[in-house]
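The values are calculated or read from the model by the stated rules, or taken from the named source; none is laboratory data. All of these numbers come straight from a predicted model, not from anything done at the bench. Cβ atoms come from the backbone with ideal geometry, glycine included; neighbour counts cover every protein chain shown. Accessible surface areas use protein heavy atoms only, side chains included; no ligands, DNA or RNA. Shrake-Rupley method; radii C 1.70, N 1.55, O 1.52, S 1.80 Å.
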Amino acid sequence: MSRFQVRKVAVLGAGVMGAQIAAHLVNVKVPVVLFDLPAKEGAKNGIVQKAIDNLKKIKPSPLGVAEDAARIEAANYEEHLDKLKDCDLIIEAIAERMDWKLDLYTKIAPHIAPHAIVASNTSGLSITKLSDVLPEEIKPRF
């Protein structure tokens, strides 16, 4: 049996949950691409950058070492979906709305690496229904 190695992770959703998942990953030195919607004003990665900055302010901090926040790369769904191809694990952590999640899965599917595992942080939505929009070759890895 071969071991699955996680060299880079994408976290979809820079809210409290997504940002803190990213923090825990960089705590074990795994680089993260943290995605969210493009900001309507200012820098397009402004939402993600604010989430990264907030990780350093939370007490107790989810970051073991504040400098590890530099391992989190800010990205948005409009410009950076191609970054998913370099990720071994993709964790979706957006709001608990089936329509939003299905729309996001449809958008990211063409960019997922052939070996990548895709996961959802959902606490109450059907994983089977979430996978309905994924191509057949991705479903076994979801």
Long-range amide H partners of Val118 with built H, under 5 Å: Ile90, Phe142
Solvent-accessible area per residue, Å², over the chain with all protein chains present [probe radius 1.4 Å]: 55
Ratio Rg/Rh [Cα only; Rh per Kirkwood] for region 93-142: 0.92
Carbon + sulfur, % of accessible area of region 11-79 - ligands and nucleic acids excluded, 1.4 Å: 58
Long pairs among Lys56/Lys101; Lys40/Lys101; Lys29/Lys59; Lys85/Lys107, criterion Cα-Cα beyond 19 Å: Lys56/Lys101; Lys40/Lys101; Lys29/Lys59
Sparse-neighbourhood loop sites, trypsin sites (Lys or Arg not before Pro) in region 1-104 - DSSP loop, at most 14 other Cβ within 10 angstrom: Arg3, Arg7, Lys29, Lys40, Lys56, Lys57, Arg97
Heavy atoms of Glu73: accessible area, 1.4 Å probe, square angstrom to 10: 60
Helix-only mean residue ellipticity at 222 nm for the chain, each DSSP H run of n ≥ 4 adding -39500 (n - 2.57), per residue, nearest 500: -7500 deg cm²/dmol
Residues in region 82-108 reached by a label modelled at His115 [backbone nitrogen below 11 Å; 7 Å Cα→Cβ]: 87-89
Under the Debye formula (equal points on every Cα, no solvent term), log10 I(q)/I(0) of the chain at q = 0.11, 0.12, 0.13, 0.18 Å⁻¹: -0.38, -0.46, -0.54, -1.02
More than 17 angstrom apart: percent of Cα pairs within region 13-90: 39
Using a Förster distance of 25 Å, the FRET efficiency for Glu96-Lys59 (Cβ separation, nearest 0.05): 0.40
